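S.K.: One structure coming up, written as C-alpha cells, with questions to follow.
Each reported figure results from applying straightforward, stated rules to the coordinates on display, with no laboratory input. Because the structure is a prediction, the values reported are computed rather than measured. Neighbour counts run over all protein chains shown; Cβ positions are idealised from the backbone, glycine included.
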Amino acid sequence: MNFDDLLDLFQQRIPAHPWAQISLYVLALVVIAAIAQWLVARVVGRIVYRVLSLSGNRTWAAALMRHRIYRRLGYAIFLAVITLGISEVPNLGHFSQGIERLAHSGTWISVFLMLSGLLGAWQTVFSGSRRAQTRSIKGYVQVAQLALWLICGVLVLSILIDRSPLWMLSGIGALSAVVLLVFKDTLLSLVASTQLTSNDMLRIGDWIEMPQSNADGYVVDIALHTVKVKNWDNTVTTVPTYKLFSESYRNYRHMFESGARRIKRTLRIDATSVRFLEDDEIHALMRFRLLHDYLEIKQAQVEQANRSLAESENDRVNRRRLTNVGTFRAYGIAYLRAHPEIHHDLLLNLRMMEPDSQGIPIEVYCFTTLTGWTDYERIQGDIFDHLLAILPELGLRLYQSPSGADLSGLRANPVLGGQHAAMAVAAADAGMERAPGNENRAA
C-alpha cells in the first residue's frame, strides 16, 4: 500500500459533518504545532545549553534560560505552524483568514519577545563582568527594546488591518508632533543617558551630591528614565536621567581617583586674645620642636629690623615684634607639613580671613592622603583637636558665644554678678554717649 492509498483511506474515514471535519483538522494541526514547540523549547534548548556550557559560556547559557528565550521561540514556532496550516482546514470560510492574521501577529510578537529577552540576557551577562562595576548598559538596552516594540507594533497592526508596513510608517510622519509630545520624557532621557555614558559623566558606584533632589550617596543603577542613588541613611532617591544632564550636581569620583581629599575648615580666634609676644614668652616657645627654627629665623629678622631704627624710635610701640596669632599660623603650617597623613605635594596653608563679629577666622586648607570617609574624618578631627589644644600655649582663646552655663554662673555668684552687671551697664552708657547722634543726651 503506497502513500496515495493511505491518503484515500484517511479521507474515506473523515466524518462527513462539517463541524466534525473542522474539529478533526484543528486537533491535528494543534498536535503538530505542539510537537514542533516541544522539539524547539526542550530539545533544541537543551542542546544549545550544553554547547554553551561546554564552550565556557555558562553565564550566557544560564542567562538565556533565565530570560525564557527557548520558551518564547517555541511559542513562535507553535503560532507559525498554526499560521501555515489553518488555511488547510476545510469549511472555515472567512474565519480562516481572521485566525491566520491573529496567529501571524502572535508569531511576530513571540519573535520580538525573544529578541527582547536576548537583550535582557546580554544585560545580565554584562552586569556580572568587571566593566559593569563602573559602567551601565541598561539605558542602551531599554532604548533597543523600545525600538523593537515600536517596530513590532507597526508590523502587527499592518498584519491585522492587511496594509503594507510602509503605509503605516508614512502615517507616522503626520503624527510626529503627537509622538514627540507623548515620548518627550523618553527622548530627553535617551539624549541624557547617551551623553552621560559617552562623556563618562556618571558611573555606577559614583558618590554624587544633588541637594535639589535630596540625593547624597552612591549611584546603584543607571536606567533610561531614572538613576537610583542610595543615600547615607539607606534610603533610595530616584532622579530623572535628564536632570543629571540639565542640572548641576557634585561627583566625588575624581577626588577618590586623585588620592587626596580636601580639608577646608576655620578656627575662630577671640580678637581680644591677640597680642604681641614678650621676650620670655618667645624663649619659652623655643622648646616647641616645630617652632624652634621659625622663631630663631624670625627673631633674627626682627632684631635686624629694630637695629636699623633711629635711637629715637626705641619706644616699643614703634618697634617690630612677633604676635601670638602669627606664631600660631606658623606652628599650624609646620604641624601640617610634619603630619604623615597630609598630602605634601598639594596646596597647604593656614590663612587669616577678614575679622567679623564672631572673631578672627583662621582657615586650615590642606589635603589628606586617605579619601575614605571614616579615615578623612579621623585625620581632620585629630588635626583640629591638636590645634584647639595648642591655643592656650600661645595665649590665644577660641571665640565662643556665652552659653546658659556662663550666665547661670554669674547669677550664682552675687559679688561677681554685681560687678559684671555694673561693668556692663557702665560700658553700655559709655557706648551710648560716644555714639553719633547722642551728643545732646550726653550733654
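S.K.: Hey, what do the phi angles of region 383-388 turn into as Karplus ³J(HN,Hα) couplings, whole Hz, using 6.51/-1.76/1.60 and θ = phi - 60°, x for Gly and Pro?
M.R.: 5, 6, 4, 5, 5, 5
S.K.: Can you give the Rg and Dmax of region 185-250 based on its C-alpha atoms, in angstrom?
M.R.: Looking at region 185-250, its Cα Rg and Dmax stand at 10.8, 33 Å.
S.K.: To continue, here is another question. Could you grab the Rg to Rh ratio for region 278-375? Cα atoms only, Kirkwood for Rh.
M.R.: My calculation of the ratio gives 1.08.
S.K.: Here is a further query. What list of ³J(HN,Hα) couplings, whole Hz, do you get for region 267-282 from phi and the Karplus terms 6.51, -1.76, 1.60, once you set θ to phi - 60° and write x for glycine and proline?
M.R.: Calculated HN-Hα couplings, in order: 9, 9, 8, 5, 5, 6, 8, 7, 7, 7, 8, 7, 5, 5, 5, 5 Hz.
S.K.: Give 184/243; 138/230; 228/264 a once-over and call out the pairs whose C-alpha atoms are over 20 Å from each other.
M.R.: 228/264
S.K.: Sticking with this one: Going by average Cβ neighbours within 10 Å, how do the peptides 295-306, 31-42 rank, with the highest at the top? Spell out each step's value before the answer.
M.R.: Values: 295-306: 13.4, 31-42: 15.4.
Result, highest mean first: 31-42, 295-306.
S.K.: Simple spin-label model, 7 Å along Cα-to-Cβ: residue 375 to residue 304 in nm?
M.R.: 4.3 nm
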